[in-house]
1. Does residue 35 satisfy the criteria of being within 25 Å of residue 15 (Cα to Cα) and in a strand (DSSP E or B)?
2. How about segment 37-54: which of its residues are touching a Leu at 6+ places or on another chain (Cβ under 9 Å), modelled with pLDDT under 95 and among the hydrophobic types (A, V, I, L, M, F, W, C)?
3. State which residue is nearest to residue 87 (Cα to Cα) when the search covers only segment 1-54 and only residues that are touching a residue at least 60 places away in the same chain (Cβ under 8 Å) and out of contact with any strand residue (DSSP E or B) (no Cβ under 9 Å at 6 or more places or on another chain).
4. Please state which one of 57, 62, 4 is acidic (Asp, Glu) and either in contact with a Lys or Arg (Cβ under 9 Å, 6 or more places away or on another chain) or farther than 30 Å from residue 102 by Cα (or both).
5. Among the residues of segment 40-49, is any touching a Gly at 6+ places or on another chain (Cβ under 6 Å), crowded, with 17+ Cβ neighbours inside 10 Å and not aliphatic (A, V, I, L, M)?
6. Can you give me the number of residues within segment 10-28 that are modelled with pLDDT under 95 and assigned to a strand (DSSP E or B)?
7. Of everything in segment 56-96, what is assigned to a helix (DSSP H, G or I), surrounded by 16 or more Cβ atoms within 10 Å (Cβ to Cβ) and either more than 14 Å from the chain's Cα centre (by Cα) or modelled with pLDDT under 90 (or both)? Give them in sequence order.
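The values are calculated or read from the model by the stated rules, or taken from the named source; none is laboratory data. All of these numbers come straight from a predicted model, not from anything done at the bench. Because the Cβ atoms are built from the backbone with ideal geometry, glycine has one as well, and the counts that use them run over all protein chains shown.
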Amino acid sequence: MLTEENLVLTRTEPSGNGSIQFVYRIGNLGVTAVNFPTEDITQLEWTVDVVKFQDGETLRYELYHDTDLAKTTLKFRNDKAVNEFLEKAFAHLNEIHSKQEQKG
């Protein structure tokens, strides 16, 4: 099970392929994690992206591969690995958010 810290949405992934999506948010940046179903149930795969939200009112976002966290989409094989990444991501995104707030 993935962490619920900073979780703003859990839903069936919009592409309609039966995936589950978790959306995390800190300020105007966040992380999405999608669990894609595979033929072999023992082979779990999470696809994780850093995202930038379009505004403070909605959850519309675009991929944001311009951070030190991730320059591309990441793949993980288990919940533990995703949670470890999320922990690092939250610390990094909180730092960015704090700097943005200081600038005003």
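1. Yes, satisfied.
2. 46
3. Applying the filter and picking the extreme gives 26.
4. 62
5. no
6. 5
7. 96 - this is the single residue of segment 56-96 that is assigned to a helix (DSSP H, G or I), surrounded by 16 or more Cβ atoms within 10 Å (Cβ to Cβ) and either more than 14 Å from the chain's Cα centre (by Cα) or modelled with pLDDT under 90 (or both).
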